[in-house]
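The values are calculated or read from the model by the stated rules, or taken from the named source; none is laboratory data. Quick caveat, the model's predicted, so the values are computed rather than measured. Here the Cβ positions follow ideal geometry from the backbone for every residue, glycine too, while neighbour counts run over all protein chains shown. Heads up: the accessible areas ignore ligands, DNA and RNA and are worked out on the full protein's heavy atoms, side chains in. Shrake-Rupley method; radii C 1.70, N 1.55, O 1.52, S 1.80 Å.
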Amino acid sequence: MLVLDLDGTLLNSQKQIDKITIEAINKAKKYVNEIVIASGRGHESINNFYKDMGLEGFKIALNGSYVMDNQNEILYANFIKGSVLEAALNLALKYKVKIFFTGINEHIYFDQNAGDYSVSEIKEIVGQSKERFLKFSMDVSKLTELNELRADLDKLSLNISLSDEGHFEVTNYGISKITGINYLAEKMNIELSDIIAIGDSENDLAMLKEVGTSVAMGNATEEVKNISEYITKTNNNFGVAYFLNKYFKEKK
């Protein structure tokens, strides 16, 4: 199985998959039984990039919060409790940051300085939600109290990662991309040691630590590079294609 992150990995800075990378991925189909996208994005966005590559596949979405097959059937989903979401909203209000609540087919954005919801309305929405939201994100790109907010979120027993765009991406504790990989590996009787994963950011750390072959992009964080077996070129220099072509050529 080949598992690919999207932003900063498959996608270049223009948020596109270049033709060289598409060609390399399609060649790699001869050597792996599944090509899987694992992303912080939802399934609809993942589907669009599968289409760009002329492929279908499993979707490990919202950082492992849910998995869909190629027919968009939900294989599992892990929802965040309403009480936890309400506590997170209170932190967003405290630190004056924007917050995004994401479900399988639903996205709610709240900015206390502007937007469609009052504080009381958004509290009612998230506090009463049950099996509705799987992930929330906070825009911390301009926040100076980054460590303080992270410490407060940690008290809620959540899984937190910092994205390239300066957002805290938050799921239930123990839920990450490796959760989805483990699910699919068991379903298809594939050993983790036989899985290749490529990524660049904090939300890729867990999967890169667990799979048999871990690959960091040239633009990856230092932490990702330090725990990966291979480091390839950047996402703007065909890093995925460079690794796949070289790796499978050597495996022949």
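Would the range 180-252 count as rounded, prolate or oblate if I go by the C-alpha gyration tensor, calling it rounded below 1.5 in a/c and otherwise prolate when a/b exceeds b/c, oblate otherwise? Oblate, because a/c is 1.5 or more while a/b does not exceed b/c. When each of the peptides 231-243, 18-30, 201-213, 85-97 is scored by how many other beta carbons lie within 10 Å of its residues on average, the order from highest to lowest is 201-213, 231-243, 85-97, 18-30. Using only side-chain charges placed at the Cβ, +1 for Lys and Arg and -1 for Asp and Glu, the dipole size of the range 108-206 relative to its Cα centre rounds to 340 debye. Between the range 147-182 and the range 1-64, the C-alpha centres lie 22 angstrom from each other.
Pairs from the table (Lys27/Lys209; Lys98/Lys123; Lys96/Lys177) lying more than 18 angstrom apart at Cα are Lys27/Lys209; Lys96/Lys177.
How large, in percent, is the carbon and sulfur part of the accessible surface of the range 133-179 at a probe radius of 1.4 Å? Result for the range 133-179: 46 percent of the exposed heavy-atom area is carbon or sulfur.
Relative protection proxy for 188-199, 131-142, 168-179, 151-162, from highest mean packing down: 168-179, 131-142, 188-199, 151-162 (other beta-carbon atoms within 10 angstrom). Averaging the Cα positions of each part gives two centres, and for the range 198-217 and the range 114-139 these lie 31 Å apart. Charge tally around Gly115: other residues with Cβ under 13 Å, Lys/Arg +1 each, Asp/Glu -1 each, net -3.
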